[in-house]
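Structure first, commentary second.
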Amino acid sequence: MLVMVLVQILSAVLNIIFKLVANDGMSLKVFTAYRVLFASVFMIPLALVLERNGRSKITWTILGQAFLCGLFGLSLAQNLFMESIAFASATYCVAITNLIPAITFLLAVCFRQEKLSLTSIPGMAKLAGTAVGLGGAMVFVFYKGITIKIWSVHVNLIDTKNKTTSSSSHHPTNYALGAVLAFLGFFEVCVHENKTQGKMTRTFPCPMSATALTSLMATIQSVIYALCAERDWKQWHLGWNIRLLGVVYSGILISGIAVTLMAWCINMRGPLYAASFFPVLLVLVAILASLLLEENLYLGSILGAVFIIGGLYLYLWGKSIEIKRMNRVEPLETPRPSEFQSIEIVTTSTSAPAITTGSNDNNITSNSSRG
C-alpha cells in the first residue's frame, strides 16, 4: 500500500509540474520528446544489466510491436495529455484517468475479449459502474455550479512565472477541449493495453527490456514529431529551471521508477489492487492544485468526481467477484451413501490370519482360505 501511495504522490507532483512547464512557455511537444528520451536513457542500461541472461531474441515482429506500443502507449498519449492540461486544469484532466477501467472494459467487449453478461451480478456491476463513471465525467465536463473555497495559502506558482504569448506554447483556457484531448489520450492508452501491449507481453516476456524498447521507439517518434512541428530551436534549450526539472522528473522518476514500482505492485497484488488507487491521485492533485496554483473547486467538479470514483469502485467490485469465481476451485462431489460399493479382498496365507477389508459404511468380513 505504501508503494502505491508513493506512486500516486509522485504522479500528483508531476501533474503540477506539467502545468508549470506549459505556463513557462515550453513547447509541450519538445517536453514530451525530452521526457521519453530521459526515460530511454534510464531504462536501457537497466534492461541490459538486469535481463542480460534471460532476454528473448529480438525479432522484427517484436520491434514492430514495440513501435506500436511506443506510439499508442507513450508518444501519442502523452502529447494529447500534455495539451489537455495546458487547455484545462490539472485536477480536471486527472479526473478523466479514473475512466480508464471503464473504457478498457468497453473496448474489451467490442474486441470480444470479454463477455458482457447482464444476468450475473459481476456483469451488472461492471456495466453499472461504467455507466455511472461516464455520467460523472459528463457532469464534470459540462457543469460547474457554485465555486467552493475550502482553503487558501495565497500561493500561486503560476503568478511567479514569466508567461509567454508565443502561439506555439500559450493556450487559452478551454475546459471542453481539454477534456476531449484528455479522453482521446486515455483512449489511446486503453487501446494500447487491450491490443498492442498484450501481444508484446506474450511474444517478448521480458518486462524491463520491453519497456526500454518501447521507450526507444517513442523517443524516435516524439523527436521526429517535435522537430517537424516546432521550428523554434530555443525551445530545445534546457536551463536550470522548471523545464529541466520537469523532463528529468517525468523521465526518470515517473517513466522509470514509478512505472517499475507499479509493475511490481501489479505482480504482487494484481491489477485491480493498483487500479483501486486511481482516486487517490485525483484527491492529491486537487489538494496540490488548490494550494499551489490557486485553482478553484466547483460543485460540478466535486459531484462529477464522486460519481467517477463511485463508478470506478462499483466496476472494481464486480470485477473482483468475477475473478474470485474464475479462480475458485470447486470441491469434489461427495458420493451418496447408495453409491458406496463393498469391496471384498480374500487373501491366503500359511502363517498369518486373513486380512479383512470392507466398505466405509458396511463391515463385510471375508473368510480366508486355509492351506
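The values are calculated or read from the model by the stated rules, or taken from the named source; none is laboratory data. Just so we're clear, the structure is a prediction, and the values are computed from it rather than from any experiment. Glycine gets a Cβ as well: all are built from the backbone with ideal geometry, and neighbour counts include every protein chain shown.
Residues in the range 78-90 that are modelled with pLDDT under 70 and part of a helix (DSSP H, G or I): 90 only. Within the range 240-252, residues that are closer than 11 Å to residue 18 by Cα sit with their Cβ atoms under 6 Å from residues that are assigned to a loop (DSSP other than H, G, I, E, B), at 6+ positions apart or across chains, in these pairs: 243/26.
The condition (being at pLDDT below 85, under 22 Å from the mean Cα position of the chain (by Cα) and surrounded by fewer than 19 Cβ atoms within 10 Å (Cβ to Cβ)) is satisfied by just one residue among 271, 279: 271. Note on the range 282-304: residues that are under 22 Å from the mean Cα position of the chain (by Cα) and crowded, with 20+ Cβ neighbours inside 10 Å total 5. Mind checking which residues of the range 2-23 are under 17 Å from the mean Cα position of the chain (by Cα) and closer than 21 Å to residue 88 by Cα? Correct list: 8, 9, 10, 11, 12, 14, 15.
Residue pairs whose Cβ atoms lie under 9 Å apart, sitting 6 or more positions apart in sequence or on different chains, and linking a residue in the range 301-315 that is β-branched (Val, Ile, Thr) to a partner that is crowded, with 16+ Cβ neighbours inside 10 Å and not in a helix (DSSP H, G or I), are 308/98; 308/99; 309/98.
Taking (1) over 22 Å from residue 253 (Cα atoms); (2) of a type in the set (Gly, Ala, Ser); (3) touching a helix residue (DSSP H, G or I) at 6+ places or on another chain (Cβ under 6 Å) in turn, residue 54 satisfies each apart from (3). A count restricted to the range 239-263 and to residues that are at pLDDT below 85 and surrounded by 14 or more Cβ atoms within 10 Å (Cβ to Cβ) stands at 9.
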